[in-house]
Amino acid sequence: MKRFLLWFGGILTVMILLLFITDYNYILKGVRVVYLTGHTTAFIDDHVYFVNDTIPAGVAPQPWPKHSVYNEVSPTERLSEINKALGTVAFLIIKNDSLWYENYAEGYGPTSQTNSFSMAKSITSALLGKAIKDGYITGLEQPVSHFFEEFEGSRLTVGDLSSMSSGLDWDESYTSPFSVTARSYYDDDLAETILSLQVVDTPGKSFNYLSGNTQLLGMVIEKATQKRLAHYLSESFWIPMGFEQPALWQVDDATHQLVKSYCCIAGNARDFARFGKLYSDHGRWDGKQLLDSSFVARSIVPRFEESPEYGYGFWLSDHLDKKSFVMRGILGQYVITIPEDDLIIVRLGHDRGEKNELPFSQDFYTYLEEVYRMIGLN
């Protein structure tokens, strides 16, 4: 046994040394954060294992009012079943700008902060719109090379980044520990990884969902505004929209402190819903035009006819013949907004449904169908 332990220890040491030598030592952090905490992938409470920047809230919160029939209608049996099966921890229905239904599970509540995952892409795209409105960026057609010379001659624009049409050589793999997606999540010095990317396909020609697009977009916004992204988010939306809580935005490490703009805002369900209302109201909040209405309108319709499922920073759907725009995270995080019915659905939880050839996993369609049954519009 002693000989075996010595042999095993030697092999383990060599493997660790190889990870450092080949610059894959970030995998060790992934193992520590995920597997040594009893998980098999990133999880909704993992922000406590990372360095975070704070998104400050203001001193005048604007809580959602409760609807006159708040929580008087019970969820359908099918909705209850899927929420239990997929580990839903927060489910909200906001109708006519009021909380119509609200339910939490597993000890989570209105102030519980969980990982947004890729819902942050929609928020980063909103910051692009704000930076354009504020004059820091000239428009969707401004070249990325104006901010980073690494992309000189590529014809890549900020709009291409927001609409997922950059042509970057990014591998959107969530299973391989050697993928650039895994590196970006667990490694330090995220800018080094992003600025080493190459444009290998013609930008602005077709949709291809890549997290690296939004990470580079966040870096562009920081450089254009000369403001830390979390603080620009606070002054642009968190404070004027009366968010009830400060939030946390994961950064790459304590030295570089670059936010992961493609993911990872730890916030609560009620606050995430505010972006649905902002875009549903054409960029206005409490009488103030926070985003240009033309930018909002362009964001929530397809850029490419052959890819009707995506606009600028938002997923799109016409399920049930209802036009909706959607903030979406990898574990079934959703803010689903249907303007024609003044309806916002928020779901946060541990897992999503099965994925097939459709643009969304099956749970998305179930949530829509059952909510419409609950509110009696289907």
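The values are calculated or read from the model by the stated rules, or taken from the named source; none is laboratory data. Values in this document were obtained by computation on a predicted structure and should not be read as measured data. Here the Cβ positions follow ideal geometry from the backbone for every residue, glycine too, while neighbour counts run over all protein chains shown. What goes into the accessible areas is simple: the full protein's heavy atoms, side chains included, and nothing from ligands, DNA or RNA. Shrake-Rupley method; radii C 1.70, N 1.55, O 1.52, S 1.80 Å.
Around residue 52, which amide H atoms from residues at least 5 apart in sequence, or from another chain, sit under 5 Å from its own amide H, with H modelled in the peptide plane?
Excluding prolines and chain starts, which carry no amide H, the hits are 251.
Provide 336, 239, 132 ordered by accessible surface of protein heavy atoms (probe 1.4 Å), highest first.
239, 132, 336
What does the extension gain come out to for residue 256 and residue 40, with contour length at 0.36 nm per residue minus their alpha carbon separation?
Answer, rounded to one decimal: 75.0 nm.
Quote the FRET efficiency, to the nearest 0.05, computed for residue 141 versus residue 375 with a Förster distance R0 of 35 Å and r equal to the Cβ-Cβ distance.
Plugging the Cβ-Cβ distance into 1/(1 + (r/R0)^6) gives 0.30.
Among 26-35, 267-276, how do they line up from the highest to the lowest mean number of other beta-carbon atoms within 10 Å?
Final packing ranking: 267-276, 26-35.
Suppose a student asked you for the relative contact order of the chain, using Cα pairs under 8 Å spaced at least 6 residues apart; what percent would you report?
Worked out over the chain, it gives 24 percent.
Can you pull the one-decimal nm distance between simple spin-label points at residue 173 and residue 49, each 7 Å off the Cα toward Cβ?
The two pseudo-label positions are separated by 2.1 nm.
Work out from phi, with θ = phi - 60° and the Karplus expression 6.51 cos²θ - 1.76 cosθ + 1.60, the ³J(HN,Hα) of each residue of the stretch 93-98, listed in order in whole Hz, and give x for Gly and Pro.
Listing the rounded values in order: 10, 10, 10, 6, 6, 9 Hz.
Where in the chain are the DSSP H helices whose C-alpha atoms run 27 Å or more along the long axis and whose mean Kyte hydropathy is at least -1.0?
2-21
Starting at the first residue of the stretch 141-152, write each ³J(HN,Hα) from the Karplus equation 6.51 cos²θ - 1.76 cosθ + 1.60 with θ = phi - 60°, in whole Hz, x for Gly and Pro.
8, 5, x, 5, 5, 5, 10, 9, 5, 4, 10, 4
Please work out, to two decimal places, the log10 of the ratio I(q)/I(0) at q = 0.14, 0.19, 0.26, 0.29 Å⁻¹ from a Debye calculation in which every Cα of the stretch 286-326 carries one identical scatterer.
-0.35, -0.58, -0.86, -0.96
What order, most packed first, do the peptides 217-229, 64-76 have when packing is the mean number of other Cβ atoms within 10 Å of each residue?
Final packing ranking: 217-229, 64-76.
Name the long-range amide H neighbours of residue 353: under 5 Å, sequence gap of 5 or more, or other chain; modelled H, no Pro or chain starts.
362, 363, 364
Rounded if a/c is under 1.5, else prolate if a/b beats b/c, else oblate: with a ≥ b ≥ c from the C-alpha gyration tensor eigenvalues square-rooted, which is the chain?
oblate
Just to check I understand the Karplus step: with θ = phi - 60° and J = 6.51 cos²θ - 1.76 cosθ + 1.60, what whole-Hz values come out for the stretch 325-333, glycine and proline as x?
Karplus-based 3J(HN,Hα) across the stretch 325-333 equals 10, 9, 8, 9, x, 5, 9, x, 7 Hz.
Determine which lysines satisfy two conditions relative to residue 355: a Cα distance under 30 Å, and not lying fewer than 8 residues away in the same chain.
List returned: 29, 84, 95, 121, 205, 260, 277, 322, 323.
Could you pull the accessible area for residue 350 with a 1.4 Å probe, rounded to 10 Å²?
In the full protein context, residue 350 sits at about 70 Å².
Excluding ligands, DNA and RNA, what is the solvent-accessible area per residue of the chain at a probe of 1.4 Å, expressed in Å²?
On a per-residue basis, 44 Å².
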